[in-house]
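Data first, discussion second: the structure below is written as structure tokens.
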């Protein structure tokens, strides 16, 4: 493919290095692609909108964003293009399981983050994302959301790997998309939400074919978009399982892998 119409970038472990920063080389390369080549660069993440918008500003790009791994798509003016939610009954069951096993649970809805207490896991996540969570009684939230007929966009459970494995094996629900984003994190999304479904939505908006899409990612929740895109590129730091689903493998996120891939496929293409 010589002409690309959209670049889809995962954030953590892909766009950001191990210090959770965008390097100058990655920043300047994205700037060239977005502003000189006029190719939309879409940030695709399990993060909430607040955790993505500041990165757009840093990169100097104005495009729709894909949040919660596809459960929420916002346009550049923050209008909702598409959204999916977890049924509150599922949230209630998972909450019971996490409470009984002392596993941290974070809830995300729209652009808000809810926790019951500021424990070790919440503090760590807050430091990574620079976002302050709302502290609230989840039982009250369950009752409120039942009345309103709504549910969370995403549930994030955090604990040691043994507890995360236990939780993964004991959550049941055909309408849930459950995956570990790392050994201590279990992400739970609505089944209809995926990075690919969100990319398809934007693909229609931009009027491009999937062959014109480059997607880059580093983890299991990126596999679907790596397989779907015209060119799926896994990061050098991705697990071998993820790399097997990609068309190409670039350098790691600590070696400017995103910049190297964009130079290879976009900047240096005649």
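The values are calculated or read from the model by the stated rules, or taken from the named source; none is laboratory data. This structure is a prediction, so every number in the text was calculated from the model and none was measured. Here Cβ is always computed from backbone atoms with ideal geometry, including for glycine, and neighbour counts include all displayed protein chains.
Take the conditions closer than 14 Å to residue 46 by Cα, without any contact (Cβ under 8 Å) to a residue 12 or more places away in the chain and buried (at least 17 other Cβ atoms within 10 Å of the Cβ) and apply them to residue 223. Does it pass? So residue 223 does not fit the description; no. Residues in segment 122-152 that are farther than 18 Å from residue 91 by Cβ and touching a strand residue (DSSP E or B) at 6+ places or on another chain (Cβ under 9 Å): 124, 125, 126, 129, 131, 132. The sole residue among 41, 33, 22 that is in contact (Cβ under 8 Å) with a residue 40 or more places away in the chain and in the same structural domain as residue 207 (by TED's automatic domain parsing) is 33.
Only one of the numbered conditions (1) modelled with pLDDT under 95; (2) closer than 16 Å to residue 90 by Cβ; (3) buried (at least 18 other Cβ atoms within 10 Å of the Cβ) is not met by residue 155, and that is (1). What residue, among those in segment 201-220 that are surrounded by fewer than 22 Cβ atoms within 10 Å (Cβ to Cβ) and within 19 Å of residue 233 (Cβ to Cβ), is nearest to the chain's Cα centre (by Cα)? So the residue we want is 220.
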